[in-house]
Amino acid sequence: MTTDTTSLQLEKIVEEAEDFLPLLGTDHVELYVGNAKQAAHYYISAWGFQPLAYCGLETGVKDRVSYVVEQDKIRLVLTSPLVPGGPINEHINKHGDGVKVVALWVDDATKSWEETTSRGGESCMKPEVREDKDGKVVLSGIHTYGETLHVFVERKNYNGIFMPGYRAWNPSYKAPEVGLKFIDHMVGNVGWNEMNKWCEFYAKVMGFAQLVSFDDKDISTDYTALMSKVMSNGNGRIKFPINEPAVGRKKSQIEEYIDFYNGAGVQHIAVATDNIVETVTALKARGVEFLYVPENYYDDILERVGKIDEDLALLKALGILIDKDDEGYLLQLFTKPVLDRPTMFFEIIQRKGARSFGKGNFKALFEAIEREQEARGTL
Ligand code: FE2
């Protein structure tokens, strides 16, 4: 994207964001899914995640099973219920598979809970200590948009594989990694007129500041529209763009998400790579499906973004999008929804100096998404 003020805003944010909630990074993302064993296999075989940890009947957990997979700094926890009824089943029944917990790595989970709940955050878990022979982890948590939770994870006194209650999971089948490094940002979709409310939540309760904003005039196509603001914590490690639908000639893709997810939730997880060509080539070879990018997108691309290091023919062959801001450029690509419902998807991103989010690509992206919506009859 091309706001001239991006770097200024980034500098300002460091001053503005009150760091009463210092965040060290994303600890893990937990998805509630219908079949955790098969989901884990998908993330291993298609996405190159490595098996890490497991809990279930064999570890004394009677009502659920969780598989943990990791790739560099990214950890996914895939959880399914083992018994009828209860909150996990209700979540899956209502939302389909989706992100339940965005867990944040902190130095002090008790203080994180106190600071956020005293500012109006609604508690979902009072600070609790979990211990095993490898040490102790302190967990606490608050509610965010929809039925999504933020769990604060303090693990400075823990040396185990993941967390007390889990054991190492080391199946014989493994697949090579694809070069995914860390979570760059995670986007939430919220309902009509709710974007500002949730941006205020991140500002007031979690001390985040707004990074970039654009309105529906910036991001609208003939049929669809949305509004979006990016909230970031003080050190910039955690960035949460928040989208809400806007009026267009036909149904907004955000509204389609809200309809199928039955409310607000995580729309996409952007994962960073140092070599998007290699990463996307590997993902495609293993069956990950990406949004189609029209060939004419590349016709005037170099006029828009200037000189790039990569071979444009290769980017075009893989459908990789390019955008720039005043600090550099970025390469990105979006998958189709990875679940049965048209809800959550992934973004692959490689930053070459740019610290923005690809605003210049939104229109091209949305037109591509709309072609998919049209095929589903939900446009
Ligand atoms: Fe994104």
Residue-ordered couplings for region 24-40, obtained by feeding phi - 60° into the Karplus form 6.51 cos²θ - 1.76 cosθ + 1.60 and rounding to whole Hz (Gly and Pro as x), are 8, x, 7, 7, 6, 10, 9, 9, 8, 9, x, 8, 4, 4, 6, 4, 4
In a Gaussian network model of the chain with springs linking alpha carbons closer than 10 Å, the residue among 173, 297, 32 that fluctuates most is 173
The long-range amide H neighbours of residue 20, using H built 1.01 Å from N in the peptide plane and a cut-off of under 5 Å, are none
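Could you rank 199, 124 by how accessible they are, 1.4 Å probe, largest area first? Could you put the intermediate results ahead of the total?
Values: 199 10, 124 50 Å².
Accessible-area ranking of 199, 124, largest first: 124, 199.
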With -39,500 (n - 2.57) per DSSP H segment of 4 or more residues and division by the full residue count of the chain, the 222 nm estimate, nearest 500 deg cm²/dmol, is -7500 deg cm²/dmol
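Charges only on Cβ, +1 for Lys and Arg, -1 for Asp and Glu: so what's the dipole of region 286-336 about the Cα centre, in debye to the nearest 20? Spell out each step's value before the answer.
Working: 6 positive and 12 negative charges, 62 e Å.
That gives region 286-336 a dipole magnitude of about 300 debye.
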With the charge dipole of the chain built from beta-carbon charges (+1 for Lys and Arg, -1 for Asp and Glu) about the Cα centre, the Cα from 267, 234, 207 projecting farthest to the positive end belongs to 267
Under the 7 Å Cα-to-Cβ spin-label approximation, residue 311 and residue 197 lie apart by a distance in nanometres of 5.1
Among 87, 127, 176, the residue with the largest mean-square fluctuation in a Gaussian network model of the chain built from Cα contacts under 10 Å is 87
Listed by chain and number, the aspartates and glutamates with an alpha carbon less than 20 angstrom from that of residue 111, same-chain partners under 8 positions apart left out, are 18, 19, 27, 122, 128, 131, 154
Sequence order, region 107-121: Karplus ³J(HN,Hα) from phi using 6.51 cos²θ - 1.76 cosθ + 1.60, θ = phi - 60°, Hz rounded, Gly and Pro as x, gives 7, 9, 6, 5, 5, 4, 5, 5, 5, 6, 6, 5, 9, x, x
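For region 276-379, compute the orientation-averaged projected area of the C-alpha convex hull (one quarter of its surface), in nm².
Details: hull surface 27.0 nm².
For region 276-379, averaging the hull's shadow over all directions gives 6.8 nm².
Compute the accessible area per residue over the chain, keeping the other protein chains in place, probe 1.4 Å, unit Å². Don't skip to the answer; put the middle values down first.
Values: 16140 Å² over 379 residues.
Per-residue accessible area for the chain comes out at 43 Å².
Within 10 Å, Cβ to Cβ, of residue 158, how many net charges do the neighbouring residues add up to if Lys/Arg are +1 and Asp/Glu are -1?
After counting each charged neighbour, the total is 0.
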Residues of region 302-323 with backbone N under 12 Å of the label point set 7 Å from the Cα of residue 289 along Cα→Cβ are none
Whole-number value, in Å³ per residue, for the convex hull of the alpha carbons of region 22-168 is 111
The size of the Cβ-based charge dipole (Lys, Arg +1; Asp, Glu -1) of the chain about the Cα centre, to the nearest 20 debye, is 920
Counting sequence-distant residues (5 or more places) and residues on other chains, those with an amide H built under 5 Å from that of residue 158 are 136
Amide H proximity to residue 238 below 5 Å, modelled H, separation 5+ or other chain, gives 233
Excluding residues fewer than 8 positions from residue 250 in its own chain, the lysines with Cα under 23 Å of it are 217, 229, 336, 359, 363
Of the residues 354, 76, 377, the Cα lying farthest along the dipole of the chain towards its positive end, which is defined by charges on the beta carbon of Lys, Arg, Asp and Glu, belongs to 76
Low-density loop GluC sites (Glu not before Pro), region 129-190, at most 11 other Cβ within 10 Å, DSSP non-H/G/I/E/B, are none
On the formula 1/(1 + (r/R0)^6), with r taken between the Cβ atoms of residue 174 and residue 340 and R0 of 35 Å, the FRET efficiency rounded to 0.05 is 0.85
The aspartates and glutamates whose Cα lies under 13 Å from the Cα of residue 239, excluding any fewer than 8 residues away in the same chain, are 184
Calc'd 3J(HN,Hα), region 340-355, phi into Karplus 6.51 cos²θ - 1.76 cosθ + 1.60 (θ = phi - 60°), Hz, glycine/Pro = x, comes to 5, 7, x, 10, 7, 9, 10, 10, 9, 9, 10, 8, 10, x, 5, 10
Rounded to the nearest 0.05, FRET efficiency between residue 132 and residue 181 (Cβ-Cβ, R0 35 Å) equals 0.75
Of 192, 47, 113, the most mobile residue in a GNM of the chain (C-alpha springs, cutoff 10 Å) is 192
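The values are calculated or read from the model by the stated rules, or taken from the named source; none is laboratory data. All values derive from a computational prediction rather than experimental measurement. Backbone-built Cβ (ideal geometry, glycine too); neighbour counts: all protein chains shown. These accessible areas exclude ligands, DNA and RNA; they are computed on the full protein's heavy atoms, side chains included. Shrake-Rupley method; radii C 1.70, N 1.55, O 1.52, S 1.80 Å.
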